[in-house]
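J.: The structure follows.
Read-outs throughout are calculated quantities, based only on the coordinates presented, and are distinct from any laboratory measurement. All of these numbers come straight from a predicted model, not from anything done at the bench. Here the Cβ positions follow ideal geometry from the backbone for every residue, glycine too, while neighbour counts run over all protein chains shown.
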Amino acid sequence: MTWSGAENGALRVRLAEAPPAIRRLMLVDDIMARLRDALALEDDAAIGPDDRFKDLGIDSRRALEMKEDLEEALGHPLQTTLMFDYPTPDRLAGFIIDAVGLAEAAPEAAPDAAPDTASDAASDADAAGDDPGAALRRMLEKYDL
């Protein structure tokens, strides 16, 4: 099963081109969209970043299909037990960002440095209870991506 945008490595390229502060949010949103497709849910179906794949109905066959699709989209091999080892969209995204070499250490801010607005926006979204998709869309609009 192949989801949209799964050209070899296309997702990895989009993530690499995005500001580091929003890469994880972008990937979480992508994973949740793939879950909706795999489960034949409507685009606006509520899937949260901390929902467990098992609780959503992802069985071993679907987990393997999604793993293979993510490999193609990222152009990077992933472990077979991926969705069982990292059982939520957020945990899976964190692992993948590290595994494909897109994690960047946050630069140490000088005491009088301006705040990181992308990180502030992500924190504001979390505090406001926004879903990651809405927070991501706002950040993408801000950076014209």
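J.: Test of understanding: what is the full-extension gain from residue 84 to residue 51, defined as 0.36 nm times their sequence separation minus their Cα-Cα distance?
T.: On the way: separation 33, 0.36 × 33 = 11.88 nm, distance 1.28 nm.
In short, 10.6 nm is gained.
J.: How far apart, in nm, are the 7 Å Cα→Cβ label points at residue 42 and residue 8?
T.: That separation, rounded to one decimal, is 3.9 nm.
J.: Sum up the charges of everything whose Cβ sits under 12 Å from the Cβ of residue 70, counting Lys and Arg as +1 and Asp and Glu as -1, but leave residue 70 out. It would help to have the intermediate numbers written out before the result.
T.: Details: positive: 12, 34, 67; negative: 30, 65, 68, 69, 71, 72.
That works out to -3.
J.: Could you give the nm distance between label points at residue 16 and residue 68, where each point is 7 Å from its Cα heading toward the beta carbon?
T.: The two pseudo-label positions are separated by 2.5 nm.
J.: Count neighbours as other Cβ atoms within 10 Å of each site's Cβ, and list the GluC sites (Glu not before Pro) in region 1-98 that are DSSP loop with at most 15 such neighbours. Provide the component values of the computation, followed by the final result.
T.: Values: sites: 7, 17, 42, 65, 68, 71, 72; in loops: 7, 42.
The qualifying sites are 7, 42.
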